[in-house]
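J.: Can you read through this structure? Questions will come right after.
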Ligand code: PHE
């Protein structure tokens, strides 16, 4: 079977940018920067990019491209014992995309709702009561929220249509889904910065507080943000790079992806804080109260900020539409990149027909995602998102850098990518791969101490286990079962087939 290929290197780079630039750039970065030193945050951010983001992305691209396979098989080819760690990433990607798709459904609902400004003067009430119809606890599923269910079906159908022909169909949509949010963001920025009060808002976002750099928290946040934003340790970048010919440039592609991702984050910061500044001035709410990140920013604070725009209902409708279209176009390519990571891993492992695998994987994901379309959905998204991102991913990152940095001839990878790349990386790259697991371990320990002291979100401990600790253990158990039992028989065959 011929391996699929990207049409061009540009298609590959755009797809990687599409995955990296997602909801995190808009609803996470501006807030994280603001609350961790403002303009001064750029310093730890660049340090984190240089010492962790860039080296790890180079590593993932190199392993995927060199071995021409998704994470489990590619890692397994480096060393038989490594395959488990690839599955760990794939299972995390599976878990994440099941709720990421539901967030896309919420966004679809708001996009349609923006036409008649359905959120009115109380966006939070609209979100929890009209769209989600949230129940009082995670255990109280109380049936589906119909509007979320419909949005979810639309999302999965879209994901299927985009991934139907693999790299070929992804290549066709990717230029639109990457360009569109940038254009939309620029529209939002132009509107925002010309509003009274906008400069105040931007000042909050960018005013450098160098003293903040003395606190460890700021540095931890920088590493977490870089890690999350570049979609690292999630089997995605392995899958995408495995569809490139073995001799394609790596380091230059990585620098483009990283630079583009950082630019999108920065642009989003201008749009968000410009608009919040205006709201703060006209409504008399202090910016400290409205500068938040996460789900509330997208579905509560920002709609309220748009409500404050001069020009009445039509203007609010237009800018609501532009904002949610930005989120939708930013999020969709992150969504299908996660799905593709799973499809590639499964198809490579059992040498399956790619189209049939695509249909099967999407069906299973769609079924699992139904839990989040119930009225308890918001609670489960909240729990699972916290645990899988703080533990599942960081553990995945620690494991992959320990393997490559300490149990593999790290320099041999450098000798692979340097000759084929425009920019040559020195010994520092090898050292960084060895050091990164220690940095990530500090992040992990920080989260752990915090969660032990105050269980996340105040949910009852049974739910912390079902949606959190238990889930992480399940990720390990499932990865183990796949590696040890389901995959064992075929392992040799794969080695042979690809080594020919
Ligand atoms: N990188 C994406 C963002 O910044 C988030 C993401 C994480 C997407 C993991 C896919 C997988 O929003």
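Just so you know, all these numbers are worked out from the coordinates, no wet-lab data involved. Keep in mind that this is a model prediction, so the values were computed, not measured. As a convention, Cβ positions derive from the backbone with ideal geometry for all residues, glycine included, and neighbour counts pool all protein chains shown.
J.: For region 235-314, take N as its residue count and report Rg(C-alpha) divided by 2.2 N^0.38 Å.
T.: Values: Rg = 19.3 Å, N = 80, 2.2 N^0.38 = 11.6 Å.
The value comes to 1.66.
J.: Compute the semi-axes of the equivalent ellipsoid of region 141-221, taking the square root of 5 times each eigenvalue of the Cα gyration tensor, and list them largest first in whole Å.
T.: Values: eigenvalues 274, 90, 71 Å².
Working through the eigenvalues yields semi-axes of 37, 21, 19 Å.
J.: Find the centroid of the Cα atoms in region 263-318 and in region 1-42, then give the distance between the two in whole Å.
T.: 22
J.: Using 0.36 nm times the number of residues separating residue 461 and residue 164, minus their current alpha carbon distance, what extension gain do you get? The partial results should precede the final answer.
T.: Values: separation 297, 0.36 × 297 = 106.92 nm, distance 4.09 nm.
Length gained between residue 461 and residue 164: 102.8 nm.
J.: I'd like the per residue volume of the convex hull spanned by the Cα atoms of region 301-380, given in cubic angstrom. Mind dumping the intermediate values first?
T.: On the way: hull volume 9.8 nm³, N = 80.
Cα convex hull per residue, to the nearest whole number: 123 Å³.
J.: By how many degrees, between 0 and 90 and to the nearest 10, does the Cα long axis of helix 470-481 differ from the longest principal axis of the chain?
T.: Once rounded, the angle reads 20 degrees.
J.: I've got another one for you. For residue 431 and residue 350 in the same chain, what is the full-extension length gain: residue separation times 0.36 nm, less their Cα-Cα distance, in nm? Write out the running numbers ahead of the final one.
T.: Values: separation 81, 0.36 × 81 = 29.16 nm, distance 3.51 nm.
Gain on stretching residue 431 to residue 350: 25.7 nm.
J.: Related question: Say each of residue 116 and residue 154 gets a label point 7 Å from the Cα, pointing the same way as Cα to Cβ; how far apart are those two points in nm?
T.: If labels sit at residue 116 and residue 154, their model points lie 1.5 nm apart.
J.: Ranked highest first by average number of other Cβ atoms within 10 Å, how do 140-147, 380-387, 211-218 line up? Please list the in-between numbers first.
T.: Working: 140-147: 15.5, 380-387: 19.8, 211-218: 13.0.
Highest-to-lowest ranking by the protection proxy: 380-387, 140-147, 211-218.
J.: Provide 344, 251 in ascending order of the number of other Cβ atoms located within 10 Å of each residue's Cβ, fewest first.
T.: Numbers: 344 31, 251 21.
With the fewest neighbours first, 344, 251 line up as 251, 344.
J.: In addition: Please grab the % of Cα pairs in region 308-348 that end up more than 14 Å from each other. Could the numbers behind the result be given before it?
T.: Values: 512 of 820 pairs.
Counting pairs separated by more than 14 Å, the tail of P(r) holds 62 percent.
J.: For region 147-301, what is the convex hull volume of the alpha-carbon atoms per residue, in Å³? Provide the component values of the computation, followed by the final result.
T.: Values: hull volume 25.9 nm³, N = 155.
Dividing the Cα hull volume of region 147-301 by its residue count gives 167 Å³.
J.: Let me ask something else about it. Testing the spin-label approximation: label points 7 Å from Cα along Cα→Cβ at residue 359 and residue 217. State their distance in nm.
T.: Reported label-point gap for residue 359 and residue 217 is 5.2 nm.
J.: While we're on this one: Nearest 500 deg cm²/dmol is fine: what mean residue ellipticity at 222 nm does the chain get from its DSSP H runs of n ≥ 4 alone, each adding -39,500 (n - 2.57), divided by its residue count?
T.: -22500 deg cm²/dmol
J.: Can you tell me the 0 to 90 degree angle between the C-alpha axis of helix 427-453 and the longest principal axis of the chain, rounded to 10?
T.: 50
J.: Can you tell me what percent of all Cα-Cα pairs in region 1-140 are more than 25 Å apart? Don't skip to the answer; put the middle values down first.
T.: Numbers: 5217 of 9730 pairs.
That tail contains 54 percent of the Cα-Cα pairs.
J.: So how long is each side of the chain along the principal axes, counting just the alpha-carbon atoms, biggest first, in Å?
T.: Principal axes ranked by extent give 67, 50, 47 Å for the Cα atoms.
J.: Expressed as an acute angle from 0 to 90° and rounded to the nearest 10, what is the orientation of the C-alpha long axis of helix 488-499 relative to the principal long axis of the chain?
T.: 80
J.: For the peptides 278-291, 318-331, 416-429, what is the packing order when you average, over each peptide's residues, the other Cβ atoms within 10 Å and list the highest mean first? Present the calculation step by step, with values, prior to reporting the outcome.
T.: Values: 278-291: 16.6, 318-331: 22.4, 416-429: 14.8.
Listed from highest to lowest mean packing, they are 318-331, 278-291, 416-429.
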